[in-house]
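Engineer: Would you mind keeping the following structure in view while I ask a few things?
The values are calculated or read from the model by the stated rules, or taken from the named source; none is laboratory data. All values derive from a computational prediction rather than experimental measurement. All Cβ positions, glycine included, derive from the backbone under ideal geometry; neighbour counts span all protein chains shown. Areas reflect the complete protein model, heavy atoms only, side chains present, ligands, DNA and RNA absent. Shrake-Rupley method; radii C 1.70, N 1.55, O 1.52, S 1.80 Å.
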Amino acid sequence: LDGFSREQERKSRSKLVLNLFLLESLLGRSPQLVANMASSDMLFNADHGYLEGLVRGFRGGILAQSDYLNLTQCETLEDLKLHLQSTDYGNFLQNEAGPLTVAVVDDKLREKLVTEFTYFRNHSLPPLSQFFDFITYGYMIDNIILLITGTLHNRSISELLPKCHPLGTFEELGSLGIAQTAKDLYNAVLVDTPLALFFQECVSEQDLDELHIEIIRNTLYKAYLEAFYEFCENIGGSTTEMMCPILEFEADRRAFNITINSFGTELSKDDRAKLFPRCGRLYPDGLSRLAKADDYEQVRQVAECYAVSYRLWLCICTCAEVHWKIGGF
């Protein structure tokens, strides 16, 4: 039914364009001008108007500062549940008969997010649908790495599948359960998953046994971020203005983390440089200096040359200090 409705919509749009063309021709306007008008903002609502309306509605439902102030006054999870019922979150916890726990609230919030995200993606057209796909690729990488790690440690794929993030699931994920070895899993990923291109270009079958799993993860993320950045650049407009700085920030964050985590390991400086995403503000000079860094002080000196990156560096150091104090390192 949905496909039929879209076909009817496209036919109606074609008639609209034809009528508009005839009208503008009678008025003596250029056919090229008419075609450009018809293919741009004039017909935006036909493809994206419905989703734009939903986005505006969701934006109006974002929790305000007053909501967060009220949440800080909640003494129990039941109080939190009652307050959220008065917001756009509604009764998402109404079917929970047992006592609420943090895990239950977290699962229900994630379930709500995934449901809404999937609805948007299923009703979108390119390039918006491709944009949604790119968002899921990061979660897919984490899920595949989880399955590879479990396989290398002789754990059943069927046991690991429930632990995968729902935003990173895809139709072929269930078929990966037949893989019994890392080799089988690698071949299945190349054939059946949306990540096939990243794996084929960045990771070989031998790497599953020879490389540390985090090196594989960072190699895939590098290819993913660079492809996502190029995609957003090619779209242009507001997408470029909003998304490219976000992806630049993520690329720089990963470069700092890779550098810091490589200290005291067997990872060479050349191999470290190969893991840096080349789409952040640190590229190329900052990444070159990070590749040569030997200690935290040299990393800090690199960050000081970039205002945004220096604030990022301070956040990383603060989080590391807190983690260390609670026994994380």
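Engineer: Using a ≥ b ≥ c from the Cα gyration tensor of segment 69-189 (square roots of the eigenvalues), is it rounded, prolate or oblate, where a/c under 1.5 gives rounded and otherwise the larger of a/b and b/c decides, a/b for prolate?
Structural biologist: Numbers: a/c = 3.12, a/b = 1.65, b/c = 1.90.
Oblate, since a/c reaches 1.5 and b/c is not below a/b.
Engineer: What distance in nm separates the simple spin-label points at Phe249 and His48, each placed 7 Å from Cα in the Cβ direction?
Structural biologist: Here the answer is 2.2 nm between the modelled labels.
Engineer: Note down the accessible area of His165, probe 1.4 Å, to the nearest 10 Å².
Structural biologist: Around 50 Å² of this residue is reachable by solvent.
Engineer: Compute the length gained on full extension between Glu172 and Ala97: take 0.36 nm times their separation in residues and subtract their Cα-Cα distance, giving the result in nm to one decimal.
Structural biologist: Using 0.36 nm per residue and subtracting the Cα-Cα distance, I get 23.6 nm.
Engineer: Can I ask one more? Cys305 to Ile135: extension gain in nm, 0.36 nm per residue of separation minus the Cα-Cα distance?
Structural biologist: Stretched out fully, the Cys305 to Ile135 stretch lengthens by 58.2 nm.
Engineer: Given a Förster distance of 35 Å, report the FRET efficiency between Cys74 and Arg121 from their Cβ-Cβ distance, rounded to the nearest 0.05.
Structural biologist: Computed FRET efficiency for Cys74 and Arg121 comes out at 0.60.
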